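The values are calculated or read from the model by the stated rules, or taken from the named source; none is laboratory data. Source: prediction; values computed, not measured. Note that each Cβ is placed from the backbone with ideal geometry, even for glycine, and that neighbours are counted across all protein chains shown. The protein model used for the area step is the full one, side chains on, heavy atoms only, and it has no ligands, DNA or RNA in it. Shrake-Rupley method; radii C 1.70, N 1.55, O 1.52, S 1.80 Å.
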Amino acid sequence: MTRVRFIVTAVKRRIAVVAYLKQHIPGLEVVWDSSGKCIGGYVKALAQAGDDPFVLLEDDILLTQDFYSKITYEIAARPNDVIQFHSRSGRDRLVGSRYNPPRQFLNHQCVYFPAGMAAKILAFSKQDAYTDWASPRSFSDVLTQDFLSQNRIRYWVSIPSLVDHLPDVSMVNAKRSKTGIKRQARVFFDPESQGCPKALWDKWQPLTATDNA
């Protein structure tokens, strides 16, 4: 199998988180984005990946311990599937790992795309619905959802989640929870604190320790 690349879309304000991710992910590539729209960085990451299999990461995540070993093991078991490694569905606790229909796809905190898929999504993204940033469909996860749906591709949800949201204000929508609780994984264990920015680590709490569980 072709080597899996790891690409994070990032903004300069989160350079400390990027440094943390680089500490734990060998060969991590960074796509710096100043567009102010998440789909902008996503499209740049797709172009950078080309035809290679790759893991897309966002710059507001906390890793599980031994993240790299865990994720490469899961990918090796399903190299031809789209795999989501961060989920906040209530079904995560009840059902565990599973295939989901394409219309349920949501969030790009940590997603694996098999060989050849980045180029296909990139071509799909050229439509006006995604290039016109005033369009209600010009969001990165909507683009992926539409692509998977049109091509009837189910995606695999891997439980437990291997990443979680850090308690930072969203760069896309500042009205989202500043604590990150509303965007956290339902099932996430063994957080990797080494190198994580202290201000964020000190505020982070697992969802299971809150009343929102």
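Taken over the range 12-26, residues that are more than 25 Å from ASP81 (Cα to Cα) and open to solvent by less than 30 Å² (accessible area, probe 1.4 Å) amount to 4. Selection of the range 1-11 for residues being open to solvent by 40 Å² or more (accessible area, probe 1.4 Å) and either modelled with pLDDT of 95 or more or within 15 Å of the chain's Cα centre (by Cα) (or both) yields an empty set. Residues in the range 184-207 that are among the small types (Gly, Ala, Ser) and in a loop (DSSP other than H, G, I, E, B) were compared, and the one that is surrounded by the fewest Cβ atoms within 10 Å (Cβ to Cβ) is SER193. Is it true that ALA123 is open to solvent by 40 Å² or more (accessible area, probe 1.4 Å), of a type in the set (A, V, I, L, M), assigned to a helix (DSSP H, G or I) and more than 16 Å from GLU58 (Cβ to Cβ)? So ALA123 passes the test. Quick one: would you say TYR68 is open to solvent by 70 Å² or more (accessible area, probe 1.4 Å) and among the hydroxyl-bearing types (Ser, Thr, Tyr)? Spelling it out, TYR68 is indeed open to solvent by 70 Å² or more (accessible area, probe 1.4 Å) and among the hydroxyl-bearing types (Ser, Thr, Tyr). If the condition is being without any contact (Cβ under 8 Å) to a residue 60 or more places away in the chain, outside any loop (DSSP other than H, G, I, E, B) and more than 25 Å from ILE121 (Cα to Cα), then the range 22-37 contributes only LYS22.
Residues in the range 127-147 that are part of a loop (DSSP other than H, G, I, E, B) and closer than 11 Å to CYS38 by Cβ: TRP133, SER138, PHE139. Do we find that ALA76 is open to solvent by less than 50 Å² (accessible area, probe 1.4 Å) and assigned to a helix (DSSP H, G or I) in this structure? No; evaluated as a whole, the condition is false for this residue.
Filtered by the rule that a residue be open to solvent by 40 Å² or more (accessible area, probe 1.4 Å), in a loop (DSSP other than H, G, I, E, B) and either closer than 28 Å to ASP128 by Cα or at pLDDT below 95 (or both), the range 38-65 gives ASP51, ASP52.
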